[in-house]
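One structure below.
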Amino acid sequence: MSCSVFTTTARHSIYSALASLCLLASMPTVAQNLITLHANGNSAAAVSLQYAEPVRLAQVVSDSLKLRTVTATPYWLGSSLTTTTEPATKSALIKQLIQLSQHHSDDVAISHSFANTAQWLQQQIKTQRLAVAIDIDKVRLNKTDNPLLAGNYQLQLANRPTSVTVIGAIEKPQQLDWLPRMAAKDYLAQVTPIDIAANSYVTVIQPDGVIQQHSIAYWNNNHADIAPGAIIYLGYQSLFHDYSGLNHDISSMLTNRTL
């Protein structure tokens, strides 16, 4: 296996890393596997790792750590591996939300909620997240967590965030400061739900993409922790409409968000 490494903005700045990352002296003309890496968080310039043959996830993560310049350990819970294309159902979901916004044009808050949720999904969901844990210890020790990668992917070594996102049946998505031991109902106390908001449960998408149901009513109160970078999705409900399918589709789409 051989690999080449380059940045999109400063190719010469990482030539010194080439010797330590390449396993063979020879380099193929065309790489068969390309992984776009954000080693220092999503806002930093991307780095490309090229491999001449399929490569194990553990090797990619190990190579990526050598290119990380920030001193903090990656936030493994929020790190992710994705495809390079959008989820297949994204366009249809956004179209449905826009139609619902137009249908509820007589209620400004509800109309804005559907429209703003659609806009957030359009801006934030760019690729399809794969159901693999990005943790150097896990992928090294467990064969099932160390798949063979063939093709093009994006790897995100996230930095630990300081906020959570509330989205859904509120007028517009909001970022709130994360605090330890704060439950979903405590975060919801900082926002204003619309009239058709669910009032018993919310869906929490943890930073690793795991979906959980958290209780928020007085009668079913049961504390559950929320990690930094999580999404709290407050579902839509109405006496006259069944939004269960919509809620499922939105929460499933939110698992693709990357930090």
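The values are calculated or read from the model by the stated rules, or taken from the named source; none is laboratory data. On a predicted model such as this, the values are computed, not experimentally measured, just so you know. Note that we place each Cβ from the backbone using ideal geometry, even for glycine, and neighbour counts take in every protein chain shown. These area figures cover heavy atoms from the full protein model, side chains too; ligands, DNA and RNA do not enter into them. Shrake-Rupley method; radii C 1.70, N 1.55, O 1.52, S 1.80 Å.
Things to note:
- Filter result for Val70 (at pLDDT below 50, among the hydrophobic types (A, V, I, L, M, F, W, C) and either outside any strand (DSSP E or B) or out of contact with any Gly (no Cβ under 7 Å at 6 or more places or on another chain) (or both)): no
- Filter result for Gln102 (within 21 Å of Ser80 (Cα to Cα), without any contact (Cβ under 8 Å) to a residue 24 or more places away in the chain and either assigned to a helix (DSSP H, G or I) or not acidic (Asp, Glu) (or both)): no
- Subset of region 63-93 (residues that are of a type in the set (Asp, Glu) and touching a strand residue (DSSP E or B) at 6+ places or on another chain (Cβ under 7 Å)): Asp63
- Filter pass, Tyr201 being free of Cβ contacts under 8 Å to residues at least 40 places away in the same chain and under 28 Å from Leu130 (Cα atoms): yes
- Contact map, region 40-60: first residue closer than 20 Å to Val132 by Cβ and open to solvent by 50 Å² or more (accessible area, probe 1.4 Å), second residue part of a helix (DSSP H, G or I) and among the hydrophobic types (A, V, I, L, M, F, W, C), Cβ cut-off under 7 Å, separation 6 or more or different chains; the map is empty.
- For region 127-149, a residue qualifies if it is part of a loop (DSSP other than H, G, I, E, B) and either crowded, with 17+ Cβ neighbours inside 10 Å or acidic (Asp, Glu) (or both), and the qualifying residues are Thr127, Gln128, Leu130, Val132, Ala133, Ile134, Asp135, Asn146.
Let's see how each residue does on (1) at pLDDT 95 or above; (2) under 18 Å from Ser251 (Cα atoms):
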residue: Asn116; (1), (2): yes, yes
residue: Lys126; (1), (2): yes, yes
residue: Asp135; (1), (2): yes, no
residue: Arg140; (1), (2): no, no
residue: Asn146; (1), (2): yes, no
residue: Leu157; (1), (2): yes, no
residue: Arg160; (1), (2): yes, no
residue: Ile170; (1), (2): yes, yes
